[in-house]
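Here's the structure we're looking at; comments come further down.
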Amino acid sequence: MSFQGLNVSEFQGTVDWEQVKSAGFQFAMLCAGHGFGILDRQFQRNAAECNRIGLPIGAYWICHAINPEAARQEADGCINTISTYHLEYPVCYNIGQTAFSYAAQHGVSVTPELVTQFVKNFCNRVEELGYYPMFYSNREVLNSYFTSDFLKDYALWYSSFDSTLDYTDCSIWQFTNKRGIPGIEQNVDLNIGFIDFPEVIQNKGLNHLDGSLLSPASTTQNYITYIIQQGDTLSKIALRYDTTYQTLAALNDIPNPDIIYPGQTIRVPEEI
């Protein structure tokens, strides 16, 4: 049994979802956002339209974590974004070269231990909040950062642009990037699903398909604002508020943690 799907983000522009469904696609994975609660500009429209026409959807969040706690916070931001929509497919963590480049810009060298902790923290938090977790990656990243035992713990959305699937055990296979799909003018990634996720997720009681709702307080990260003073450094501010300078840099999109200015306002995580 297999299911034809696709994944889209803001880069596909305004999608005509009725045309997509009429073309035979059976599910869609929608980019919800990245980093600390930065939403994909088309997610809300895409999710609402798919819900309206009855096309099953899942969501993915692009990793911009620079430490394990940031990955957990990203999960909170993701669930806060998607929780008002009906999802019959998994909530997926997209981790790959984009994530590693972002970490490097903030002075963090990724290691297998760190990458696996990112995935664990995101996926475990997603499951804590009542959703079915998954992670997305390709063969190069899998070989470099994950053990075979780890891959047994979470569902895998596997990217491999080839005519046939290799030996990888995956739940969804992203196999090509194609132009000319009805309803979408831009190139779009196509996928094959090997699991009847709507049935599996329903049977597991996940994704709140029973109509239960999350308490907003359970997913919302609290922040305070801080005005940088003369002589401040991100490291000093981080020490004062029991966080890390990397977290502050990522949260405030500061590319060089050594360059901040008096009078600049930043956000600082606050424990709930």
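The values are calculated or read from the model by the stated rules, or taken from the named source; none is laboratory data. As the structure is a computational prediction, the values presented were derived from the model and not from experiment. For neighbour counting, all protein chains shown are included, and Cβ atoms are generated from backbone atoms with ideal geometry for every residue, glycine included.
Residue count for region 61-72 satisfying the condition of being part of a helix (DSSP H, G or I) and among the small types (G, A, S): 2. Taking the criterion of being touching a helix residue (DSSP H, G or I) at 6+ places or on another chain (Cβ under 6 Å) and crowded, with 20+ Cβ neighbours inside 10 Å, the residues of region 77-87 that qualify are I79, N80. The sole residue among C31, C50 that is in contact with a Ser or Thr (Cβ under 9 Å, 6 or more places away or on another chain) and at pLDDT 95 or above is C31. Within region 222-251, the set of residues being closer than 27 Å to T81 by Cβ, at pLDDT below 85 and either surrounded by fewer than 18 Cβ atoms within 10 Å (Cβ to Cβ) or assigned by TED's automatic domain parsing to the domain that holds A65 (or both) comprises N222, Y223, I224, T225, Y226. Just to be sure, is L151 of a type outside the set (V, I, T), at pLDDT below 95 and either outside the structural domain of H64 (by TED's automatic domain parsing) or under 23 Å from R72 (Cα atoms) (or both)? Yes: the conditions hold for L151. Could you check, for region 113-133, whether at least one of its residues is part of a loop (DSSP other than H, G, I, E, B), among the aromatic types (F, W, Y) and free of Cβ contacts under 8 Å to residues at least 24 places away in the same chain? No, region 113-133 contains no residue that is part of a loop (DSSP other than H, G, I, E, B), among the aromatic types (F, W, Y) and free of Cβ contacts under 8 Å to residues at least 24 places away in the same chain. Looking only at residues of region 73-94 that are assigned to a loop (DSSP other than H, G, I, E, B) and touching a residue at least 12 places away in the same chain (Cβ under 8 Å), we find that the one that is nearest to the chain's Cα centre (by Cα) is P90. Residues considered: G37, G77, G24, G13. Of these, the only one that is under 27 Å from F194 (Cα atoms) and not polar (S, T, N, Q) is G24.
When region 95-118 is filtered for residues that are surrounded by fewer than 23 Cβ atoms within 10 Å (Cβ to Cβ) and touching a strand residue (DSSP E or B) at 6+ places or on another chain (Cβ under 8 Å), the ones remaining, listed by number, are G96, T98.
If you check G33, G58 for being buried (at least 16 other Cβ atoms within 10 Å of the Cβ), on the phi > 0 side of the Ramachandran plot, touching a residue at least 12 places away in the same chain (Cβ under 8 Å) and not in a loop (DSSP other than H, G, I, E, B), only one passes: G33. For region 36-52, the condition holds for at least one residue, the condition being that it is without any contact (Cβ under 8 Å) to a residue 40 or more places away in the chain, among the basic types (K, R) and not in a helix (DSSP H, G or I).
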